[in-house]
Amino acid sequence: MGTWGTALFSDDLAADLRSEFRELIGEGLTTEAAVDRMKTEYQSSLRDPDEESVFWLAVADTGWRLGRLDNTVLQNALRVIDSAQDLAKWDDATDRRKRERVLAKLRTKLLSPPPPPKAVAKRIKSANEWQIGEVIAFRLMSGRWVLLRVIGHHEDRGGQVSCV
């Protein structure tokens, strides 16, 4: 995971958490169910002090923006902000001050009334029915044919695609 700035989502983990929370809400899960699933999936991050702070801050901000801020998430995010736990990883004084301002803004936002719950569209996932071993013929613009053989499948949160 990488961090490239002091902004809340200038971090790979934070960006992943934001995407996953939105996706779970889009699938129809309640806020509590989405948070529970994420806590289970990101158990190792919750055991790491640096990543734990990113988890609570990213989920809190995303939940607030969607009008779906869970009280447990709010309390943990405020704990992280008030304890300065997140600031421990910022060695450079300038970056630390910038991050302090980001966290102060986030704290103010989290304590303000959230917007009404927003609808989140369900993500359409890739799918195919090609079986391993199938051969697919594909005609190029030149008129020549290429044969592709399915040798496996790759599956992730975006769906399933064939490896040819």
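The values are calculated or read from the model by the stated rules, or taken from the named source; none is laboratory data. Not measured: the values here are computed from a predicted model. Cβ atoms come from the backbone with ideal geometry, glycine included; neighbour counts cover every protein chain shown. Just the protein is used for accessible areas: all its heavy atoms, side chains included, with ligands, DNA and RNA removed. Shrake-Rupley method; radii C 1.70, N 1.55, O 1.52, S 1.80 Å.
D for the stretch 1-82, whole µm²/s, Stokes-Einstein with Kirkwood Rh over alpha-carbon pairs at 37 °C and 0.692 mPa s: what number?
It diffuses with D of about 262 µm²/s by this estimate.
With the full set of protein chains in place, find how many percent of the accessible area of the stretch 1-54 is carbon and sulfur; take the probe as 1.4 Å.
44 percent
What is the Cα convex hull volume of the chain when expressed per residue in Å³?
So the per-residue hull volume is 168 Å³.
Let me check against my output: what whole-number percent is the relative contact order of the stretch 50-147, with C-alpha pairs under 8 Å and at least 6 apart?
Normalised by residue count, the contact order of the stretch 50-147 is 28 percent.
For n ≥ 4 DSSP H runs only, could you compute -39500 (n - 2.57) per run for the chain, divide by its residues and tell me the 222 nm figure to the nearest 500?
On the way: 6 runs with 80 residues, N = 164.
Helix-only estimate at 222 nm: -15500 deg cm²/dmol.
Cα gyration tensor of the stretch 79-155, axes a ≥ b ≥ c as square roots of the eigenvalues: rounded (a/c below 1.5), prolate (a/b > b/c) or oblate?
Prolate, since a/c reaches 1.5 and a/b exceeds b/c.
Could you do me a favour and compute the accessible area per residue for the chain, 1.4 Å probe, result in Å²? Please list the in-between numbers first.
Details: 9940 Å² over 164 residues.
On a per-residue basis, the chain sits at 61 Å².
Given Cβ point charges of +1 (Lys, Arg) and -1 (Asp, Glu) and nothing else, what value in debye, to the nearest 20, does the dipole of the stretch 1-74 about its Cα centre take?
260 debye
Cα-Cα over 29 Å: which of K39/K105; K98/K125; K89/K122; K89/K118; K89/K125; K105/K125?
The answer is K98/K125; K89/K122; K89/K118; K89/K125; K105/K125.
For the charge dipole of the chain, defined by +1 on Lys and Arg C-beta atoms and -1 on Asp and Glu C-beta atoms about the Cα centroid, which residue among A7, P115, S83 has the Cα displaced farthest towards the positive pole?
Sorting the options by dipole projection puts first P115.
Quick one: pull the percent of accessible area on the stretch 75-164 belonging to carbon and sulfur, 1.4 Å probe, ligands and nucleic acids left out.
Ligands and nucleic acids excluded, carbon and sulfur give 57 percent.
Length gain on complete extension for the stretch A127 to D92, per 0.36 nm per residue less the alpha carbon to alpha carbon distance?
Extra length from A127 to D92 when fully extended: 8.0 nm.
Kirkwood Rh and Cα-based Rg: tell me the resulting Rg over Rh for the stretch 72-116, rounded to two decimals.
Result: Rg/Rh = 1.03.
Determine the dipole magnitude for the chain: charges of +1 sit on the beta-carbon of Lys and Arg, -1 on that of Asp and Glu, nothing else is charged, the reference point is the Cα centre, and the result goes in debye to the nearest 20.
700 debye
Would you mind calculating the relative contact order of the chain from Cα pairs under 8 angstrom and at least 6 residues apart, reporting the percent as a whole number?
In percent, rounded to a whole number, it is 19.
By what distance, in whole Å, do the Cα atoms of the stretch 1-45 stretch along each of the three principal axes, largest value first?
32, 22, 12
Specify whether the C-alpha gyration tensor of the stretch 119-164 places it in the rounded, prolate or oblate class, a ≥ b ≥ c being the square roots of the eigenvalues: rounded for a/c under 1.5, otherwise prolate if a/b is larger than b/c and oblate if not.
Here the stretch 119-164 falls in the oblate category.
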